[in-house]
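What follows is a short report on a single structure.
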Amino acid sequence: MDKSKQQVWLSIREQKSSENTLLCLLQGLQGVTTIIELVNEQKIHGKIDSVDGYSNVTMSDADILTLNGKRLHCPMIFIQGRKIRYAHIPPHIDISKTINRSLGNLRRMRANIRR
Amino acid sequence: MERDPTLDFASDQFDALKALYTKDLKPPCDDIQPYDNLASYWAAVQRQTNRKTDRASASNQPPKTAAAAAKSARKGIKINDIATKSARTVNKEKKLKNKAKPNVLERMKPLNERKSVHIWTRSYDKLRGICRGFVAAFDKHMNVVLVDVDEVYTLPHYFMRSAGGKNSSKVLAETASHDSTAAAVLHLLANDPSSENYSNLKGIHACSLKSALQYKVTGTDQFRRIKNFDITEDVIKTDQSFIIVRRYLHQVYLRGENIVMASLANVD
């Protein structure tokens with residue numbers, strides 16, 4: 001399961017902001033197949049590969065639905081964090097658990113860097 | 001009034017305990033600093049001794065020979081540093097270590113229970129829609145995690161030609177005759193002035209959105225239902241300029257940039 005999640009290198013600034021904001025939730029959603037809705041009313045359905053400190057998301061195996069009804073398929077897509085409006089969270093995911101888990105990961109990352 | 005020898009500070013028979021319990025008894029000096037307890041007195045004494053050692057170490061005289069002076073200068077600097085690191089700075093560093101750094105969960109502590117909330121969302125310069133849901137998490141950017149969300153939003157009509165214009169409004173009119181709430185919604189929406197007046201359109205969006213939110217969708221074949229990627233959306237109203245869509249979402253993460261306003265929803 002860990003191999004499917006890409007390891008993201010977060011700068012110290014990004015790590016701190018992830019700990020203090022809901023970015024940790026997005027980072028906990030890595031490896032989950034969801035829908036991300038953009039500001040331009042497009043919906044992208046795919047597996048979230050990685051989320052960085054600026055909420056930029058890379059997705060793999062993505063289906064993009066444009067407003068005209070066109071569907072495009074991309075093996076990999078990079079979404080600018082600022083252009084995201086919604087990130088749907090599947091009902092089976094517990095929000096507080098994912099936040100706690102990703103906070104733990106961030107602490108471990110910090111500890112590893114210190115060594 | 002004769003001075004009681006037990007209460008006289010200068011006498012041999014001075015009784016401290018008695019003096020403490022007598023009211024309006026002041027020591028002979030005017031500018032004495034009274035302390036509440038022994039601990040604060042000892043802390044004050046410690047501070048004074050620290051200051052004395054700081055001054056003493058600072059005024060250490062250098063030795064006579066140059067080599068010895070250089071050696072002791074290096075040593076002296078070290079010794080000075082340790083001595084000048086007074087109790088004050090050491091305590092400061094201890095406090096910083098022990099202070100808990102707040103993470104996102106601790107900052108959310110004021111929100112104990114999930115509150116039902118109306119969140120107004122925006123699309124560049126327009127009001128987009130209203131989300132009604134329970135706030136599960138939030139942060140300083142106003143990013144919000146909503147649970148159990150009913151969302152009503154508008155899209156500019158030219159975006160969704162496939163949604164169908166005339167048919168859906170006909171269907172809406174037919175159902176209105178049977179259902180009183182539908183009739184009320186239709187009446188409200190029908191009273192929108194023409195789309196030429198753009199500034200009015202923004203205001204009307206708000207009213208129609210709220211009424212559309214309160215209207216409960218019954219039956220599956222009354223409105224045009226679109227299903228994309230496991231999300232079913234109902235196109236409630238179409239017009240020359242905009243369409244209103246309504247949908248239900250289980251859990252959403254909404255980015256704070258898109259929020260205009262949040263208000264508490266009254267639980268009916």
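The values are calculated or read from the model by the stated rules, or taken from the named source; none is laboratory data. The model shown is predicted, which means the values in this text are computed figures rather than measured ones. All Cβ positions, glycine included, derive from the backbone under ideal geometry; neighbour counts span all protein chains shown.
Matching residues to (1) acidic (D, E); (2) in the same structural domain as B:T232 (by the TED database); (3) at pLDDT 75 or above:
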{"residue": "B:K97", "(1), (2), (3)": "no, no, no"}
{"residue": "B:K115", "(1), (2), (3)": "no, yes, yes"}
{"residue": "B:L127", "(1), (2), (3)": "no, yes, yes"}
{"residue": "B:G133", "(1), (2), (3)": "no, yes, yes"}
{"residue": "B:M142", "(1), (2), (3)": "no, yes, yes"}
{"residue": "B:D150", "(1), (2), (3)": "yes, yes, yes"}
{"residue": "B:T154", "(1), (2), (3)": "no, yes, yes"}
{"residue": "B:E174", "(1), (2), (3)": "yes, no, no"}
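In the stretch B:105-114, the qualifying residues are those that are within 11 Å of chain A (Cβ to nearest Cβ) and touching a strand residue (DSSP E or B) at 6+ places or on another chain (Cβ under 7 Å), and the one that is nearest to B:R255 (Cα to Cα) is B:M108.
Candidates in the stretch A:28-56 are the residues that are in contact with a Leu (Cβ under 8 Å, 6 or more places away or on another chain) and facing another protein chain (nearest Cβ under 8 Å); of these, the one that is modelled with the lowest pLDDT is A:E41.
Quick check on the stretch A:1-14. Is at least one of its residues within 9 Å of chain B (Cβ to nearest Cβ) and surrounded by fewer than 19 Cβ atoms within 10 Å (Cβ to Cβ)? No; the residues of the stretch A:1-14 include none that is within 9 Å of chain B (Cβ to nearest Cβ) and surrounded by fewer than 19 Cβ atoms within 10 Å (Cβ to Cβ).
Which residue is nearest to the other protein chains (Cβ to nearest Cβ), if the candidates are limited to the stretch B:115-158 and must be outside any strand (DSSP E or B) and farther than 23 Å from A:E19 by Cβ?
So the first thing to find is which residues in the stretch B:115-158 are outside any strand (DSSP E or B), and the list is B:115, B:124-125, B:139-143, B:157-158.
Now restrict to residues that are farther than 23 Å from A:E19 by Cβ: B:115, B:124-125, B:157-158.
On the way: B:K115: 15, B:Y124: 8, B:D125: 12, B:H157: 11, B:Y158: 9 Å.
Per the stated criteria, the residue is B:Y124.
Please count how many residues of the stretch B:209-243 are within 14 Å of chain A (Cβ to nearest Cβ), touching a strand residue (DSSP E or B) at 6+ places or on another chain (Cβ under 7 Å) and either modelled with pLDDT of 75 or more or part of a loop (DSSP other than H, G, I, E, B) (or both).
First, pick out the residues of the stretch B:209-243 that are within 14 Å of chain A (Cβ to nearest Cβ): B:224, B:226-233, B:235, B:242-243.
Okay, now just the ones that are also touching a strand residue (DSSP E or B) at 6+ places or on another chain (Cβ under 7 Å), so B:224, B:226, B:228-229, B:231-233, B:235, B:242-243.
Within this subset, residues satisfying the condition of being either modelled with pLDDT of 75 or more or part of a loop (DSSP other than H, G, I, E, B) (or both) are B:226, B:228-229, B:231-233, B:235, B:242-243.
Count: 9.
Within the stretch B:23-34, identify whether any single residue is modelled with pLDDT under 65 and of a type in the set (K, R), and answer yes or no. Checked against the condition, which is being modelled with pLDDT under 65 and of a type in the set (K, R), the stretch B:23-34 yields no hits at all.
If you check A:N68, A:N100, A:N105 for being free of Cβ contacts under 8 Å to residues at least 40 places away in the same chain and farther than 20 Å from A:Q42 by Cβ, only one passes: A:N100. Inspection of the stretch A:87-97 identifies at least one residue that is surrounded by 13 or more Cβ atoms within 10 Å (Cβ to Cβ), more than 27 Å from B:P102 (Cβ to Cβ) and modelled with pLDDT of 90 or more. Only residues that are loosely packed, with under 10 Cβ neighbours inside 10 Å and in a loop (DSSP other than H, G, I, E, B) were counted in the stretch B:1-25, giving 7. Any chance the stretch A:19-27 includes a residue that's within 30 Å of B:I226 (Cα to Cα), surrounded by fewer than 19 Cβ atoms within 10 Å (Cβ to Cβ) and within 8 Å of chain B (Cβ to nearest Cβ)? Taking every residue of the stretch A:19-27 in turn, none turns out to be within 30 Å of B:I226 (Cα to Cα), surrounded by fewer than 19 Cβ atoms within 10 Å (Cβ to Cβ) and within 8 Å of chain B (Cβ to nearest Cβ).
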